[in-house]
Amino acid sequence: MNQTEWKCPTAAEVKKKWEDIVADMLPLRRSYWINHEYFMGNQWITWDDNTASAQFQPAGDNEDLDSRVTVNKFKPRTLSLLARFVRSPLPFEPRPEGVDAAAQRKASTQRQILEVEAHRAGWESERAEAVMNALLGGVSAISVEPDWEYENQSISLTETGEEIKLPKRPAVRLAALNAAEFGLEPGSRKASDAYYWMRVTTLTPSQAKRHYQLDYEPKPDADAATTSVMHRALIGNRQGAGLRSVSKACAVYVYYERPSSDGPGCVLHVIGDKIVRQSPWPFPFTDRLNIQPFIQTQVGATWKGETILNDARQIQRNINKAFTSMNRHVGKADNARMLVPMGSIVDDDFELSGQVAEVIMYDPSVAGGAGPRWMEAPQIPRWLREMVEKYESELDDLFSTHAVSRGEAPGDRNSGLALSILAEKDETPLGPMAMNQQRGWQSIAEMVLATMRHLMQQVDAARAKHGLPGMEVQDTLMRPDQSVVQFQWSAADLPEHPVVSVPLDAVMPRSQAAVMEQMLRLAQTFPEMFAGMTPGQLAAIIRTPDATAFAAIKDPQTALAIWENGRMLAGVGDDEVLVDSWHDHAKHIANHNDTRATSAYRDADPAVQEYIDLHIQAHETLMQQMSAPAPAPGAMPPGPEGPPPDGQMMPPAPTENPMEVAP
């Protein structure tokens with residue numbers, strides 16, 4: 001087909017494509033919703049093929065319903081697995097386009113941009129949601145969509161006098177999607193093969209009217225089958241309410257089609273039977289879609305996956321049945337019962353009153369003199385209790401969450417070697433999912449940088465038409481050591497085809513208990529290596545959440561030097577950072593020199609670099625003065641060229657804002 005003949009799909013065609021996607025992903029959607037209900041504790045359920053939704057399993061009678069027990073082993077193990085995957089924040093390492101200093105500086109700027117954007121947009125929350133969705137449904141996705149942040153005040157265009165708000169910075173939004181919310185072109189083996197994808201979300205009628213600036217409120221038509229089974233049970237059965245009458249929201253179908261030989265691509269938003277928003281393909285890349293799927297377990301060479309939670313459901317069901325059997329046993333056989341031979345009680349109207357030392361009159365001539373006696377309650381079979389323990393052990397194997405991964409000591413096997421072996425047993429099965437996460441987030445970071453560059457170039461072209469300079473964004477980044485870096489960037493700092501790396505160790509689940517035990521064994525084997533480490537280095541090795549707090553407790557002088565590094569990199573002068581005689585100059589010099597070896601120093605403004613160099617020289621001067629031998633008796637005191645007084649540096653301070661000094 002020629003591009004001149006290409007047309008965007010109609011609203012009816014978009015909804016038909018969604019029906020095809022639902023049919024293509026029905027097994028994944030079924031897994032997601034059932035596992036979601038199990039996670040929420042609604043585990044006595046069945047799947048209704050007619051409504052494609054989970055329903056409560058009917059009970060025989062009220063007694064059967066009351067005796068059902070749910071012991072949710074599903075939820076804590078899933079949360080434990082999720083916590084292990086997102087224990088460390090993602091570090092992004094853009095690859096330089098060359099080996100010269102300018103290329104290295106640009107790569108460092110790109111890394112800082114990604115760090116700032118990840119913090120501002122809450123990427124870690126989206127990452128955790130994507131991991132959870134992949135665990136529940138076998139597949140999940142992160143979508144990338146362009147957006148802008150605008151200045152608060154408007155400006156007036158010289159030519160037309162029109163009041164407009166200028167974009168302040170590009171803001172690429174990420175959204176985590178579960179298996180019930182998105183789908184790729186049916187029949188695609190790989191995500192890169194698909195030419196379109198869709199997602200479905202919901203808005204209330206009033207929200208849809210405001211968001212899309214409509215002159216009417218759309219009718220609610222969202223399928224309530226995608227709501228919680230408990231919610232439907234509580235609301236849907238009132239006065240015979242139907243399934244769809246539960247819904248109070250509108251379904252919003254969003255269709256993304258990338259450019260191809262057939263057409264230029266488009267983005268459509270459909271509510272009801274109308275297209276409420278239409279725009280051209282807004283991304284610079286045309287060889288892929290703006291979505292990155294994730295999987296829990298690879299299934300063949302396709303983009304779809306499987307999840308271990310499907311296997312865990314049967315075990316969880318059996319655990320519930322075992323506890324239900326115990327509960328029914330307790331309900332019928334736990335109370336004390338008395339065996340009384342017929343006719344042995346003298347008084348037929350006698351009833352036990354429960355009083356202390358109560359006297360019971362009985363006839364010893366009846367039943368061979370056997371009086372009333374208590375009947376021993378039957379015990380729960382031992383094999384039933386053992387079966388529950390075996391089921392839990394099987395769940396631990398499936399989830400790779402044995403005792404060492406939960407921070408518990410596994411019996412008497414507390415040696416570092418035993419813990420590391422057990423930890424490896426839990427980590428090895430999760431390696432494929434970790435590698436999938438690594439590759440996915442590398443791709444997401446590359447899409448973000450490319451989209452930002454594309455957006456800024458479009459704005460720069462529009463600003464140039466009105467005689468305005470190109471867009472420059474100023475950001476401030478707080479480093480883990482509490483140092484602050486301020487930097488400026490523009491479209492020229494972003495590559496056309498970015499390449500970003502994410503270390504595998506950042507997404508690989510690790511057992512903190514095993515790491516600590518291994519570090520202890522290394523410290524005992526190589527004490528000289530650990531003896532020379534600073535508090536910050538030790539904190540980094542054992543993965544202390546706040547290395548600066550650890551350093552402050554262990555060595556306040558080191559903590560002060562770390563604080564000085566941050567303030568000097570931020571461009572402050574002698575008004576905040578002073579050199580005093582009571583400082584431990586050797587520690588300060590060593591710590592400042594460590595900072596000079598980092599990319600933060602290399603990327604800093606030359607005036608900031610000069611000030612840090614002069615600050616270190618002042619420490620060296622005072623240290624030499626303090627270590628110099630005392631003058632002989634009768635010697636002349638030093639002249640005006642002697643050491644400076646405490647609290648004053650010999651070299652002059654840099655400009656008031658050294659970050660603005662041109663290199």
- How many residues does segment 555-569 contain that are closer than 17 Å to ARG479 by Cβ and either among the β-branched types (Val, Ile, Thr) or surrounded by fewer than 19 Cβ atoms within 10 Å (Cβ to Cβ) (or both)? 5
- Query: For segment 71-85, what are the residues that are in contact (Cβ under 8 Å) with a residue 60 or more places away in the chain and either aromatic (Phe, Trp, Tyr) or closer than 22 Å to HIS119 by Cβ (or both)?
  - Reply: PHE74, PHE85
- Got a number for residues in segment 22-37 being surrounded by fewer than 22 Cβ atoms within 10 Å (Cβ to Cβ), in contact with a Phe, Trp or Tyr (Cβ under 8 Å, 6 or more places away or on another chain) and touching a residue at least 24 places away in the same chain (Cβ under 8 Å)? 0
- Query: Residues of segment 424-443 being at pLDDT below 90 and open to solvent by 50 Å² or more (accessible area, probe 1.4 Å), which ones?
  - Reply: GLU424, LYS425, THR428, PRO429, PRO432
- Query: Which members of segment 1-21 meet the condition of being touching a Phe, Trp or Tyr at 6+ places or on another chain (Cβ under 7 Å) and in a loop (DSSP other than H, G, I, E, B)?
  - Reply: PRO9
- Taking segment 101-117 as the search range and keeping residues that are modelled with pLDDT under 90 and closer than 14 Å to TYR601 by Cα, which one is farthest from the chain's Cα centre (by Cα)? ALA101
- Considering only residues that are modelled with pLDDT of 75 or more and acidic (Asp, Glu), look in segment 377-415 and name the one that is least open to solvent (accessible area, probe 1.4 Å). ASP396
- Given the conditions (1) of a type in the set (D, E, K, R); (2) assigned to a loop (DSSP other than H, G, I, E, B); (3) within 60 Å of the chain's Cα centre (by Cα), every one holds for ASP349 apart from (3)
- Query: Can you pull out the residues in segment 444-472 that are surrounded by 22 or more Cβ atoms within 10 Å (Cβ to Cβ) and either aliphatic (A, V, I, L, M) or in a loop (DSSP other than H, G, I, E, B) (or both)?
  - Reply: ILE444, ALA445, MET447, VAL448, LEU449, MET452, LEU455, MET456
- Query: In segment 208-219, what residues are farther than 19 Å from LEU268 by Cβ and either under 32 Å from the mean Cα position of the chain (by Cα) or assigned to a helix (DSSP H, G or I) (or both)?
  - Reply: ARG210
- Item | Out of GLN316, GLN292, GLN278, GLN298, sole residue that is under 34 Å from the mean Cα position of the chain (by Cα), open to solvent by 70 Å² or more (accessible area, probe 1.4 Å) and farther than 30 Å from TYR216 by Cβ | GLN298
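Would segment 506-520 turn up any residue that is modelled with pLDDT under 95, open to solvent by less than 60 Å² (accessible area, probe 1.4 Å) and among the polar types (S, T, N, Q)?
Our first condition is that a residue be modelled with pLDDT under 95; within segment 506-520, this holds for 506-520.
Next, only the ones that are open to solvent by less than 60 Å² (accessible area, probe 1.4 Å) stay: 506-509, 511-515, 517, 519.
Filter once more, so that each one left must be among the polar types (S, T, N, Q): 511-512.
Within segment 506-520, one or more residues are modelled with pLDDT under 95, open to solvent by less than 60 Å² (accessible area, probe 1.4 Å) and among the polar types (S, T, N, Q).
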- Task: Return yes when GLY331 is small (Gly, Ala, Ser) and either modelled with pLDDT under 90 or farther than 30 Å from ARG29 by Cα (or both) and no when it is not.
- Result: yes
- Taking segment 376-393 as the region of interest, how many residues are part of a loop (DSSP other than H, G, I, E, B) and of a type outside the set (A, V, I, L, M, F, W, C)? 4
- Restricting attention to segment 57-64, does a residue exist that is under 32 Å from the mean Cα position of the chain (by Cα) and open to solvent by 70 Å² or more (accessible area, probe 1.4 Å)? no
- Note on the structure: Scanning segment 573-607 residue by residue, the ones that are over 26 Å from GLN624 (Cα atoms) and among the β-branched types (Val, Ile, Thr) total 1
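Looking only at segment 265-287, how many residues end up being closer than 22 Å to LEU449 by Cα and either part of a loop (DSSP other than H, G, I, E, B) or touching a helix residue (DSSP H, G or I) at 6+ places or on another chain (Cβ under 8 Å) (or both)? If you could, list the steps in order and put the result at the bottom.
From segment 265-287, those closer than 22 Å to LEU449 by Cα are 265-267, 279-287; that's our starting set.
In the following step, the residues that additionally are either part of a loop (DSSP other than H, G, I, E, B) or touching a helix residue (DSSP H, G or I) at 6+ places or on another chain (Cβ under 8 Å) (or both) were identified as 265, 281-287.
Result for segment 265-287: 8.
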- Note on the structure: So, first residue within 15 Å of THR451 (Cβ to Cβ) in segment 114-131, second residue aromatic (Phe, Trp, Tyr) and crowded, with 20+ Cβ neighbours inside 10 Å, Cβ within less than 8 Å, six or more apart or across chains; the pairs are LEU114/PHE92; GLU117/TRP123; ALA118/PHE92
- Message: For segment 86-110, which positions are under 24 Å from ALA128 (Cβ atoms), charged (D, E, K, R) and without any contact (Cβ under 8 Å) to a residue 60 or more places away in the chain?
- Response: none
- Task: Please work out which residue is surrounded by the fewest Cβ atoms within 10 Å (Cβ to Cβ), limiting yourself to segment 352-375 and to residues that are at positive phi and outside any loop (DSSP other than H, G, I, E, B).
- Result: GLY368
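Being open to solvent by 50 Å² or more (accessible area, probe 1.4 Å), at pLDDT 75 or above, in a helix (DSSP H, G or I) and polar (S, T, N, Q), is that true of even one residue in segment 600-621? Before you say what the answer is, go through the steps one by one.
If we filter segment 600-621 for residues that are open to solvent by 50 Å² or more (accessible area, probe 1.4 Å), which is where we start, we get 602, 606, 610, 617, 620.
Keeping just the survivors that are at pLDDT 75 or above gives 602, 606, 610, 617, 620.
If we keep only those that are in a helix (DSSP H, G or I) too, we end up with 602, 606, 610, 617, 620.
So of that shortlist, the ones also polar (S, T, N, Q) come out as 617.
Among the residues of segment 600-621, at least one is open to solvent by 50 Å² or more (accessible area, probe 1.4 Å), at pLDDT 75 or above, in a helix (DSSP H, G or I) and polar (S, T, N, Q), which makes the answer yes.
The values are calculated or read from the model by the stated rules, or taken from the named source; none is laboratory data. Please read these numbers as outputs of a predicted model, since none were measured by experiment. Glycine gets a Cβ as well: all are built from the backbone with ideal geometry, and neighbour counts include every protein chain shown. Each accessible area value is taken on the protein alone, full model and side chains, heavy atoms only, with ligands, DNA and RNA left out. Shrake-Rupley method; radii C 1.70, N 1.55, O 1.52, S 1.80 Å.
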